[in-house]
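The values are calculated or read from the model by the stated rules, or taken from the named source; none is laboratory data. As the structure is a prediction and not an experimental result, all values here were calculated from the model. We place every Cβ from the backbone using ideal geometry, glycine too, and count neighbours over all the protein chains shown.
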Amino acid sequence: MDDSTQLNVPWKIGLVLETPELSSGIKSALSEAGAVPVIEFGAATSSLEVANAVERERPDILFAELSHTAKPAAEWMADVRRGEDTPLVVAVHATADPAEMISALRSGASEFICLPVRPAIFEALERIGALLESRESATHEQGRIVGILSAKGGCGATSVACHLAAALRAAAGSACRILVADLDYQSPGTHQVLRAKPRSNAGEAFASVRRLSSSSWREFVTPAGPVDLLAAPRRAPAAPPEQWRVEGLLRFVSRQYRWVLADLGRHLNPANWMFLQNIDELCLVTAPEVLALYQTRSVLQTLTSRGLDKSRIRLILNRNRTTPQDFWVESIEQMFEMSVFAVIPNDYSTLDKLPRDRFEFPADTPFGKALVKLAGRLASPNGPGSVRKTA
């Protein structure tokens, strides 16, 4: 990789270098990748002085010319790290000397680069970045992936997905990162609801899944009001992404976001079935119409016959009629032998009055209040139950 514009380094960098050509080449490459060193020493500096600076500044990555340090590489590394496994060390040397490479790697270096430093430095930073992110994610709670599936077209699942994301963000606060992933390859519409102009799409993210990092991820998502949007491809692909790409992307976003709301479109099809196998729970959106309820029954039967645990399914009654609510809820619960998780009123006037130039969550309307309640129930550790019991 010699195009540093594809790499933005969010990690803290330290330099312990002696050879001018190595130093200038590494600094130039790091500058292009957006990284500024937090510590910088000559390689002959005592390991104690370097260790004190490392403890103070906590760099994630240390470029070190180990062949010029005052102590042998293994002793120097032990002094600088003081028993920890960070910072990760990139050993650098003027030439591709096999003996120096073996010595550095045996001493605990993660990478070895030599002159010319390009493109090897960018490739090394990508590998180390992936390792640092995997370590970081191990100490963080993994986010929840919620699929939003419409029993049939016209049930309003896309609108529910976008506004539910805003309700979750409002409930959790600005520190909570939320992603709306448009995985509806038939009739994508999240960008319209969120009033966003996507700069990239899910197809490109799936294609680049091997190089995803917290810095490169910004290439693929579009800020949309209070949430991030991963838009659907402009044109439906000839085939859905391979299973390993789906698993890799969803695993990645679950480390980046507290909540991921995936719009899976309508009905069941080969593409959204692949996504369904990698989500934590499914909100199945239906409406009080004969055809919608018929399709709901069909979807539920197919899901359970394919082994999806019914306890992971949340039945959402959208566009509910004002009279009488309990009649519809009781009838649907009897029909499908499961509780209705949430009821959202048919509040067309509210949605019709929303701004056309920006996304706005109507929190103080009947529609908005129902979404806030739904967000609270999803975030509750007590699990689902009948909406009539929690009203």
Practice task
Report whether or not Ser339 is of a type in the set (Gly, Ala, Ser) and more than 22 Å from Ala161 (Cα to Cα).
Solution key: no
Exercise for the section: Report, ordered by the first and then the second residue, all pairs with beta carbons closer than 6 Å, sequence separation of six or more or different chains, a first member in region 305-316 that is under 14 Å from Ile279 (Cα atoms) and assigned by TED's automatic domain parsing to the domain that holds Gln277, and a second member that is surrounded by fewer than 17 Cβ atoms within 10 Å (Cβ to Cβ) and of a type outside the set (Lys, Arg). Expected result: Lys310/Thr304; Arg312/Glu281
Practice task
Specify which of the listed residues (Ile313, Ile279) is over 17 Å from Val180 (Cβ atoms) and β-branched (Val, Ile, Thr).
Solution key: Ile313
Practice task
Identify, by number, the condition in (1) surrounded by fewer than 20 Cβ atoms within 10 Å (Cβ to Cβ); (2) under 17 Å from Gly147 (Cα atoms) that Glu289 doesn't meet.
Solution key: (2)
Completion exercise
The correct count of residues that are surrounded by 20 or more Cβ atoms within 10 Å (Cβ to Cβ) and closer than 18 Å to Leu22 by Cα in region 74-99 is 5
Fill in the blank from the handout: Taking region 56-86 and keeping only residues that are assigned to a helix (DSSP H, G or I) and of a type in the set (Ser, Thr, Tyr), one is left with Ser67
Problem - Test: residue in region 96-107 that is outside any loop (DSSP other than H, G, I, E, B), among the polar types (S, T, N, Q), modelled with pLDDT under 95 and under 26 Å from the mean Cα position of the chain (by Cα) - result: no
Practice task
Select from region 283-301 the residues that are in contact with a helix residue (DSSP H, G or I) (Cβ under 6 Å, 6 or more places away or on another chain) and either at positive phi or touching a residue at least 60 places away in the same chain (Cβ under 8 Å) (or both) and list them in ascending order.
Solution key: Val285, Thr286
Practice task
Within region 125-167, track down each residue that is of a type in the set (Gly, Ala, Ser) and assigned to a helix (DSSP H, G or I).
Solution key: Gly129, Ala130, Ser134, Ser137, Ala138, Ala157, Ser159, Ala161, Ala165, Ala166, Ala167
Exercise for the section: Can you give me the ranges of the helices (runs of 4 or more DSSP H) entirely in region 168-284 with at least 3 residues that are within 12 Å of the chain's Cα centre (by Cα), closer than 23 Å to Gly307 by Cβ and of a type outside the set (D, E, K, R)? Expected result: 243-256
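When you go through Leu250, Leu300, Leu282, Leu264 one by one, which is the residue that is farther than 30 Å from Ala170 by Cα and modelled with pLDDT of 90 or more?
Answer to the selection: Leu300.
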Problem - Subset of region 108-124 [surrounded by fewer than 17 Cβ atoms within 10 Å (Cβ to Cβ) and part of a strand (DSSP E or B)] - result: Cys114
Problem - Boolean, Ala166 is in contact (Cβ under 8 Å) with a residue 12 or more places away in the chain and over 19 Å from Leu284 (Cβ atoms) - result: yes
Problem - Filter pass, Ser150 being modelled with pLDDT of 95 or more and in contact with a Lys or Arg (Cβ under 9 Å, 6 or more places away or on another chain) - result: yes
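Do you know which of the residues in region 86-141 that are of a type in the set (Ser, Thr, Tyr) and free of Cβ contacts under 8 Å to residues at least 40 places away in the same chain is farthest from Gly42 (Cα to Cα)?
Among them, the one singled out is Thr139.
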Exercise for the section: Output the number of the condition that Arg314 fails; it satisfies all remaining conditions of (1) part of a helix (DSSP H, G or I); (2) buried (at least 20 other Cβ atoms within 10 Å of the Cβ). Expected result: (1)
